Each structure stands twice: as structure tokens, then as C-alpha cells.
1. Could you list all residues from region 105-126 that are touching a strand residue (DSSP E or B) at 6+ places or on another chain (Cβ under 8 Å) and assigned to a helix (DSSP H, G or I)?
2. All but one of (1) out of contact with any Ser or Thr (no Cβ under 9 Å at 6 or more places or on another chain); (2) under 26 Å from Ser193 (Cβ atoms); (3) surrounded by fewer than 24 Cβ atoms within 10 Å (Cβ to Cβ) hold for Ser51; which doesn't?
3. Name, by its number, the condition in (1) surrounded by 13 or more Cβ atoms within 10 Å (Cβ to Cβ); (2) closer than 27 Å to Arg288 by Cβ that does not hold for Gly37.
4. Consider Gly188 against the criteria (1) modelled with pLDDT of 95 or more; (2) out of contact with any Gly (no Cβ under 9 Å at 6 or more places or on another chain): it satisfies all of them except one. Which criterion is unmet?
5. Of everything in region 214-226 that's more than 20 Å from the chain's Cα centre (by Cα) and farther than 25 Å from Lys104 by Cβ, which residue is surrounded by the most Cβ atoms within 10 Å (Cβ to Cβ)?
6. Would you be able to tell me the number of residues in region 202-245 that are part of a loop (DSSP other than H, G, I, E, B) and aliphatic (A, V, I, L, M)?
7. Across region 235-275, what is the total count of residues that are among the hydrophobic types (A, V, I, L, M, F, W, C) and modelled with pLDDT under 95?
8. Looking at region 246-278, which of the residues that are free of Cβ contacts under 8 Å to residues at least 60 places away in the same chain and assigned to a loop (DSSP other than H, G, I, E, B) is surrounded by the most Cβ atoms within 10 Å (Cβ to Cβ)?
Amino acid sequence: MNLPIVYHKDYVTPLPEAHRFPMPKFKLLCELLLAEGIVQKERIHQPLIASQELINLVHTSEYIEAYCQGTLDAKAQRRIGLPWSEALVTRTRTAVGGTILAAKLALKYGLACNTAGGTHHAFPSYGSGFCIFNDFAIAARVLQKLGMVKKILIVDLDVHQGDGSAWIFREDPSVFTFSMHCEANFPGKKQKSDLDIPLPIGLDDDGYLQILARNLPDILSQVKPDIVFYDAGVDTHVSDRLGKLALTNTGIYRREMQVLSTCVAAGYPVASVIGGGYAKDIEGLVYRHSLLHRAAKEVYEGC
């Protein structure tokens with residue numbers, strides 16, 4: 001069996017030229033994974049669009065309706081940072097559906113990857129930092145509502161703190177939030193995760209991986225999750241426009257192997273998303289996102 005990967009053509013929707021959000025990366029990532037045989041076409045799973053009912057498990061009805069109908073006020077729209085369109089609404093809901101599907105596939109196969117996701121800055125009543133609906137939070141609530149899991153661990157290694165996720169689960173012992181992020185970076189106001197590790201500007205591969213290795217095994221043995229949600233943001237890379245850390249491609253690959261092999265070897269299923277990545281060189285960026293899937297394939301085949 002080959003590694004299950006989730007993708008939908010609606011992950012890409014037009015944005016104004018020169019917009020900072022690299023929308024083409026999702027399609028290019030899927031094409032690269034197919035071209036290099038990291039995934040076979042028949043193992044690409046297409047998600048359903050997430051219903052309002054499912055999104056409502058985390059977000060307020062008022063916010064969902066205002067966003068989906070395009071009636072959010074200008075300030076709330078600016079906070080998201082993506083110009084509204086009906087196509088973007090479809091894209092957003094489809095990407096949430098993708099993370100829900102990846103989570104279900106991870107429970108079935110032990111490991112699964114979405115080729116989008118990681119919208120961890122979204123709060124129940126507003127979006128922020130390119131994040132509209134919080135896919136991890138919604139997927140967590142969906143699995144819990146279906147009785148598929150009780151205890152969930154979120155491992156958020158995007159360079160930016162998962163502030164929306166931290167706030168959503170701040171008083172919920174069934175979901176443990178772990179965020180390793182650059183301390184001097186967005187969001188300006190950090191929330192309190194169950195475990196936050198703020199990292200200094202310019203931290204390199206070895207320093208980063210040592211911190212991760214000191215913490216992840218202990219968290220797993222403490223939490224004993226039914227599933228791990230992993231945000232593999234590559235905005236930790238030295239060339240990222242919004243990052244401020246100094247990881248290399250090798251360091252990111254070692255990180256993915258470390259997270260996935262540690263979790264899978266201990267018997268914990270992992271649902272991964274690609275998270276942030278904002279380098280100008282789109283080809284290099286897509287390759288870095290593919291490191292998650294390359295590592296996942298290696299771990300999956302070694303199970």
C-alpha cells in the first residue's frame with residue numbers, strides 16, 4: 001500500500017498578481033509528488049467540501065455566514081489578508097475538508113498527508129494571517145463528535161505560533177497544543193499553548209532539532225494521544241520571507257523524519273498538513289513542502 005495523500009483542484013484559486021500568499025504552490029506540489037513517484041494517482045484522495053455544520057463545531061454561525069456570503073466588514077477582511085471571492089470560500093472549505101479526510105485516513109492507515117492546511121491563526125469569530133477557518137480545530141472536533149478519538153495532540157512546527165488553536169483549546173484537556181515558533185514573529189500577541197517553545201531569531205538546524213528531540217518523546221508519553229495533528233510549516237527555512245529562522249532543506253527533512261518516525265514508532269497515527277511557506281522562489285518552496293511527503297513515504301513504507 002502507498003502513502004495516502006489528500007488533494008483537490010479547488011485548493012488553488014486566483015489571487016491578485018504579486019500577492020504575498022503563494023497560491024500556486026498547492027497544485028505544483030501535487031504535480032511534483034506525482035512526477036517523482038512519491039504518490040500514485042490512485043492514492044490521491046479527494047476531500048468533500050466541509051459543511052457549515054462541521055465548521056460550526058468551532059466557529060460562530062455569524063462569522064461563518066458573514067465570510068461565506070462576503071459580508072465581513074473591511075477591517076475583519078484586512079485581518080485575514082486575502083481578498084474575498086466565492087472561489088476562495090470554496091477553496092477554504094475544501095481545504096478544511098482535506099484535513100478532516102487526512103485525519104480519518106491517518107486513523108485507518110497510521111499516516112496521511114494533506115497537501116494544504118495549517119490555518120492555525122483562525123479564531124472562532126474571526127480570521128487572521130491568511131487563515132479563515134481553523135482546519136485542525138474543526139477536524140479535531142469532527143473526530144471527537146464521531147467518537148473516533150478522545151485525546152488529540154497538535155504538534156505545530158510552523159514558524160508562527162498557532163495562536164488560534166491555542167486559544168480554542170485553552171481550557172480543553174482533551175486537546176494538547178504544542179507550538180515551537182520564532183519568538184520575534186507574527187502574531188504580535190501570543191496565546192498560551194499547553195507547551196510553547198519560543199525560538200531565537202536565526203536558530204539553525206542542529207539547535208532546532210535538539211530542542212525538538214528533547215521535547216517530543218516526553219509530550220507523546222505524557223499525552224498518549226489517539227491521533228497527532230502535525231503542522232509542517234516550512235517558513236522555518238532560512239530563505240523564507242516571513243520566517244526569521246535559519247533551517248536548511250536538510251534540516252527540514254530531518255525534522256519531518258524526526259516527528260513522523262517518533263510518533264509512528266510509538267504507535268500514534270499522524271495526520272499532517274503543509275502549513276506556511278512564503279519564499280519568493282516558488283520552485284524551491286514547493287520542493288521544501290514536498291519534504292513532508294517524502295519523509296512520510298519513507299516512514300510509511302518502513303512501518
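The values are calculated or read from the model by the stated rules, or taken from the named source; none is laboratory data. Quantities reported herein were computed from a predicted structural model and do not represent experimental measurements. Cβ atoms come from the backbone with ideal geometry, glycine included; neighbour counts cover every protein chain shown.
1. Keep residues of region 105-126 that are touching a strand residue (DSSP E or B) at 6+ places or on another chain (Cβ under 8 Å), which gives 105-107, 110-122.
Leu105, Ala106, Leu107 - these are the residues of region 105-126 that are touching a strand residue (DSSP E or B) at 6+ places or on another chain (Cβ under 8 Å) and assigned to a helix (DSSP H, G or I).
2. Single failed check for Ser51: (2).
3. Exception for Gly37: condition (1).
4. Of everything listed in (1) modelled with pLDDT of 95 or more; (2) out of contact with any Gly (no Cβ under 9 Å at 6 or more places or on another chain), Gly188 misses just condition (1).
5. Per the criteria, the residue is Pro217.
6. Of the residues in region 202-245, the ones part of a loop (DSSP other than H, G, I, E, B) are 202-204, 224-226, 232-236, 238-245.
Adding the requirement that they be aliphatic (A, V, I, L, M) leaves 203, 232, 234, 238, 242, 245.
Within region 202-245, residues that are part of a loop (DSSP other than H, G, I, E, B) and aliphatic (A, V, I, L, M) number 6.
7. Kept after step one, since they are among the hydrophobic types (A, V, I, L, M, F, W, C), are these residues of region 235-275: 238, 242, 245-247, 252, 257, 259-260, 263-266, 270-271, 273-274.
In the following step, the residues that additionally are modelled with pLDDT under 95 were identified as 242.
Within region 235-275, residues that are among the hydrophobic types (A, V, I, L, M, F, W, C) and modelled with pLDDT under 95 number 1.
8. Per the stated criteria, the residue is Ala246.
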